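Values quoted throughout were computed directly from the atomic coordinates according to the rules given, and no laboratory measurement underlies them. Note that the structure is a prediction, hence the values are computed from the model and not measured. Using ideal geometry, Cβ is built from the backbone for each residue, glycine included, and neighbour counts are taken over all protein chains shown.
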Amino acid sequence: MIRFDSVSKVYPKQTRPALRDVTLEVERGEFVFLVGSSGSGKSTFLRLILREERTSQGQVHVLGKDLARLSNWKVPQMRRQLGTVFQDFRLLPNKTVSENVAFAQEVIGKSRGEIRKSVPQVLDLVGLGGKEDRMPGELSGGEQQRVAIARAFVNRPKLLIADEPTGNLDPQTSVGIMKLLDRINRTGTTVLMATHDQNIVDQMRKRVIELEQGRLVRDQARGVYGYQH
Amino acid sequence: MRAQFVLSEIGVGLRRNLTMTFAVVVSVALSLALFGGSLLMSDQVSTMKGYWYDKVNVSIFLCNKSDAESDPKCAKGAVTAEQKDQIKSDLGKMAVVEKVSYESSDQAYKHYKEQFGDSPLASSLTPDQMQESYRIKLKDPQKYQVIATAFDGRAGVQSVQDQKGILDNLFGLLNGMNWAARAVMAMMLVVALMLIVNTVRVSAFSRRRETGIMRLVGASGFYIQAPFIMEAAVAGLIGGGVACGFLLVARYFIIDHGLALSQKLNLINFIGWDAVLTKLPLILATSLLMPALAAFFALRKYLKV
């Protein structure tokens with residue numbers, strides 16, 4: 001699903017690499033936590049998978065494709081098979097809940113009939129049935145994140161990437177979001193989640209990858225947040 | 001779905017940036033109106049050239065009695081019948097000459113009277129004072145020099161005059177004005193392009209949230225850029241339409257009505273409506289493509305896909 005082969009990334013005008021010689025593999029259907037302090041390279045790791053950045057050295061394969069060899073115009077095709085969720089939700093404030101979800105389908109040219117069918121379905125899945133016509137501003141943080149997850153999942157991606165999805169939420173709401181991500185994972189979708197939330201990582205007991213100053217320092221099946229805590 | 005989606009995005013974009021859109025429309029309209037104006041001006045000049053060059057003559061003025069006294073070129077006295085015959089037969093042998101006509105001093109006097117009527121100068125003239133002349137029509141109006149070298153300074157010839165020289169001064173002036181209009185057009189065009197680039201940039205910036213999300217969910221580059229490019233194209237096309245309106249109105253008021261030059265200057269042949277109408281598609285196409293291209297290149301810089 002995701003493979004890193006001795007990947008290094010140095011940003012222009014910076015001497016210290018953001019990633020150093022990272023090699024790892026994520027299999028289909030896995031649930032993986034990506035942990036590490038700020039500046040450890042987590043964001044770079046995710047940006048490489050989304051091909052917002054290219055590697056300086058080494059290769060990144062996502063869904064069986066070598067991203068270095070993927071031409072620019074094929075990148076959108078690749079991204080359609082990924083779902084992304086962020087700490088700040090990234091919803092369109094002037095569109096309703098269902099319009100926000102439908103946006104992800106309109107943009108890739110799905111038919112009106114398909115959209116009308118799949119949007120209510122995915123909103124039910126994330127537990128927002130009945131709130132289709134609300135505006136994002138009228139929803140709580142947890143509900144907004146559910147909308148974002150619905151949007152990420154509506155095209156049934158094979159891989160869901162979540163960058164601190166619970167970072168702005170209280171612990172109880174976070175648990176709800178994690179249950180949702182877990183349920184999505186059980187449908188066969190691979191989930192890669194970057195997080196700082198120690199409780200969640202410790203409770204879920206999933207695979208944990210830890211980065212420190214750009215190096216891969218831990219890769220542990222059924223791991224916890226960190227030994228030092 | 002797609003078309004509707006794109007159209008609504010364009011509408012939102014244009015309205016959000018109303019002042020900028022207006023500026024783009026006006027600058028495109030002005031620059032393209034100047035562009036069309038300069039094209040029409042060229043047309044007008046070539047129409048006039050065709051018309052006038054057809055009519056211009058090279059004139060060989062012959063010495064009369066009063067010239068023989070006052071003009072050093074006629075020091076050998078007034079032209080004789082022999083000299084006239086010689087000139088005529090020489091002209092007949094020249095390949096560049098199409099037609100030769102002779103104007104006697106009486107005819108010259110008559111023409112003069114017709115043109116200047118009862119002005120004090122005209123009434124003091126007598127037919128004797130007018131010059132006889134040969135009016136020569138050339139196959140190619142540019143070949144005036146051949147006649148001048150052959151006849152200038154010959155006994156009995158006072159001067160060889162090329163009417164084309166006078167016209168060329170006029171056309172030179174018109175051409176100069178035309179180039180000035182083109183220079184202004186070029187500058188307006190630069191202004192218009194910069195405005196478009198800036199408008200697109202502002203537009204892309206104010207919608208970076210939407211475009212960011214579009215990127216995330218895998219919208220193609222074209223799909224993300226299309227609304228911006230079409231926004232610029234629509235604004236440009238409106239400007240182009242305004243420019244076409246300017247040209248039509250200008251043709252109407254300057255030539256036919258209002259200034260009504262066609263009635264005041266009835267010696268000049270003016271361009272017809274067809275000349276104006278054939279320019280309009282070019283202007284409209286330019287107004288559509290130019291902003292679209294400008295937007296396309298601006299987006300490569302400001303809208304990462």
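Worth pointing out:
- Reachable aspartates and glutamates from B:K49, criterion Cα separation under 17 angstrom, eight or more residues apart if same chain: B:D140, B:D162, B:D168
- Average Cα contact separation per residue, chain B, under 8 Å, 6 or more apart, as relative contact order %: 31
- Across all Cα pairs in chain A, the calculated P(r) in 5 Å bins from zero up to the longest distance comes to 1, 7, 14, 18, 19, 16, 12, 8, 4, 1, 0 percent per bin.
- Working from label points 7 Å from Cα in the Cα-to-Cβ sense, the A:R54 to A:K13 distance is 2.0 nm.
- Those lysines that a straight Cα-Cα span of less than 19 Å connects to B:K73, excepting residues fewer than 8 apart in one chain: B:K65, B:K84
- Placing a label point 7 Å from the Cα of B:F297 along the Cα-to-Cβ direction, the residues of the range B:188-226 whose backbone N falls under 20 Å from that point are B:188-205, B:222, B:225-226.
- Sequence-distant aspartates and glutamates (8 or more away, or on other chains) whose Cα lies within less than 12 Å of A:K42: A:D163, A:E164, A:E210, A:E212
- Separation of the range B:99-153 from the range B:175-239 is 61 Å, based on Cα centroids.
- For the protein assembly as shown, the equivalent ellipsoid built from the Cα gyration tensor has semi-axes of 87, 25, 16 Å, listed from largest to smallest.
- Taking amide H atoms as placed 1.01 Å from N in the peptide plane, the amide H of B:A155 has no partner under 5 Å among residues 5 or more positions away or on other chains.
- Residue pairs exceeding 22 angstrom between C-alpha atoms, taken from B:K99/B:K164; A:K9/A:K158; B:K113/B:K143: A:K9/A:K158; B:K113/B:K143.
- The overall shape of the range B:55-162 is oblate: from the C-alpha gyration tensor, with semi-axes ordered a ≥ b ≥ c, the ratio a/c is 1.5 or greater and a/b is no larger than b/c.
- Its residue count N fixes a reference of 2.2 N^0.38 Å for the range A:92-156, and the Cα radius of gyration divided by that reference is 0.98.
- Rough spin-label spacing in nm, given labels placed 7 Å along Cα→Cβ, for A:E114 and B:E69: 10.5
- Averaged over A:106-119, number of beta-carbon atoms from partner chains that fall within 10 Å: 3
- Based on C-alpha pairs under 8 angstrom that are at least 6 apart in sequence, chain A has a relative contact order of 28 percent.
- Estimated FRET transfer efficiency when R0 is 56 angstrom, pair A:E25-B:T47 (beta carbons, to 0.05): 0.10
- Extension gain, B:D128 to B:Q115: 0.36 nm times the residue separation minus the Cα-Cα distance gives 2.9 nm.
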